[in-house]
Structures are given as structure tokens and as C-alpha cells.
Amino acid sequence: MSLLGSTGIWKPTRIALVAIVLSLVASAGIGIIIILVGDFDETEVKILATTGALTVFSILSLPSLFHLERNRYPHISKVAIFASIAFFGMILLLIWGGDIGGGGTFWKILGSAGVVSIGINHSLLLLIPIPTKKLISLSQTVTVSIIATVAVLILVAIWVGDLPGPFIRILGALAILDALGTVAVPMLVRISK
């Protein structure tokens, strides 16, 4: 596969993927050097934490980049990329900025960016396969709906502070169905081929 599009021009998503790979290679090299010969002082620990955050950001944003490159779900993919960048930026601020002021608002925004980023990218991951059978397509749609519901309940808990007991039970049951759909949908798509 060529990095260039059919027109010979680099697509923005391919540039982003190359940048992510190069960043990961560089941070892996730095991380290995720190682990092998470092003293684990405060700066080195921050560098290792930054490397970990970059790795999480890279893995998290792959489904969005996949769909953007194929022009599938472009609007929701852009929201996912923006949320992932915001989440990554806030984590970097937390790592390098020291004491974060603003009370609980920073933590609520950080948690919200994480939930939105993880929820949308999780959904986009499940939307990568294109099912040919109606039952599998229905399973995919139901699982994505469950992921969205779980994300909304978590966002409510972040901003309201607490969920009543019955909602926590519903959230737990939905999380189990989310896990079931996440495992089952790709298997069903594979079996149906």
C-alpha cells in the first residue's frame, strides 16, 4: 500500500498515521534508554508517562483515522479525534503542569474527554467490519447503542456526582452487554464470511 493517494498527494490521515508511528518509535527508543540506563528521577518518570500517554492516544485514535481515510462516518470520526487530542493534551498538562487548579472542573472535563474519546472510538472499532447479514448488522447496531448509553450514564455520573443504586445496576448490566457485543460482533462477521 502506498502512502500516497491515487492522485500522488499525501492524505491528511496518512500523514497523521506516519506522524503517530514516528512519534511512537522515537518515544519507544527514549523509553528504552531511560529504563536501561536512567535514574528514574522526576523528569525521566514524566517522560515515561508521556510515552505511555502517547501510546494510549495512538491506539485510541486508530479507529477514527481508519474511518476518516475511508470517508466513513466522517463527522463522528472528527469528534472522536478532537476528543482524543483533548484527552491527550489534558493528560500531558497533568503530567508536566504539576498542580492543576480549578477544583473538580478540570477532572470532570478530563473524565468527559476520556469517556467521549473511548466511547466513540470503541463504537468506530466495531463499525470497521461491514456485515452482510441482517442479524449481525442488528447486533452491531445494538452494541453501538449500548456503548453510547454506557458513555452517557458515565458522563451523567461525572457531572452529577452520583448515580442512584438502580442506575448503577443498569450500568453494570449494560457494561456486560457491551463486552459481549464487542467480542461477538467481530466473531459473527468472521464466521458469516
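Some values worked out for this structure:
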{"read-out": "Some residue of segment 92-104 being in contact with a helix residue (DSSP H, G or I) (Cβ under 9 Å, 6 or more places away or on another chain), assigned to a helix (DSSP H, G or I) and loosely packed, with under 14 Cβ neighbours inside 10 Å", "value": "yes"}
{"read-out": "Test: Ser117 is over 20 Å from the mean Cα position of the chain (by Cα), surrounded by 16 or more Cβ atoms within 10 Å (Cβ to Cβ) and polar (S, T, N, Q)", "value": "no"}
{"read-out": "Positions within segment 63-81 being touching a residue at least 60 places away in the same chain (Cβ under 8 Å) and either outside any helix (DSSP H, G or I) or not polar (S, T, N, Q) (or both), in sequence order", "value": "Pro63, Phe66, His67"}
{"read-out": "Evaluation of Leu153 against (1) touching a residue at least 40 places away in the same chain (Cβ under 8 Å); (2) touching a Phe, Trp or Tyr at 6+ places or on another chain (Cβ under 8 Å); (3) in a helix (DSSP H, G or I) (one fails), failing number", "value": "(1)"}
{"read-out": "Residue within segment 153-166 that is under 25 Å from Leu65 (Cβ atoms) and among the β-branched types (Val, Ile, Thr) present", "value": "yes"}
{"read-out": "Residues located in segment 148-162, provided they are β-branched (Val, Ile, Thr) and more than 16 Å from Ile176 (Cβ to Cβ)", "value": "Val152, Val156, Ile158, Val160"}
{"read-out": "Every residue from segment 30-40 that is surrounded by 10 or more Cβ atoms within 10 Å (Cβ to Cβ) and not in a helix (DSSP H, G or I)", "value": "Gly38, Phe40"}
{"read-out": "Filter result (surrounded by 19 or more Cβ atoms within 10 Å (Cβ to Cβ) and among the β-branched types (Val, Ile, Thr)) within segment 52-82", "value": "Ile81"}
{"read-out": "Total residues in segment 22-61, condition without any contact (Cβ under 8 Å) to a residue 12 or more places away in the chain and hydroxyl-bearing (Ser, Thr, Tyr)", "value": "1"}
{"read-out": "Failed condition for Phe88, given (1) in contact with a Phe, Trp or Tyr (Cβ under 6 Å, 6 or more places away or on another chain); (2) of a type outside the set (Gly, Ala, Ser); (3) not in a helix (DSSP H, G or I)", "value": "(3)"}
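Rundown of residues vs (1) among the acidic types (Asp, Glu); (2) assigned to a helix (DSSP H, G or I); (3) without any contact (Cβ under 8 Å) to a residue 40 or more places away in the chain, yes/no style:
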| position | (1), (2), (3) |
| --- | --- |
| Ile136 | no, yes, no |
| Ile158 | no, yes, no |
| Asp162 | yes, no, yes |
| Leu177 | no, yes, yes |
| Thr182 | no, yes, no |
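None of the figures in this text is laboratory data; all of them are computed from the coordinates on show. Small disclaimer: the values here were computed from a predicted structure and weren't measured. Quick reminder, even Gly has a Cβ in these numbers, built from the backbone with ideal geometry, and neighbours come from all protein chains shown.
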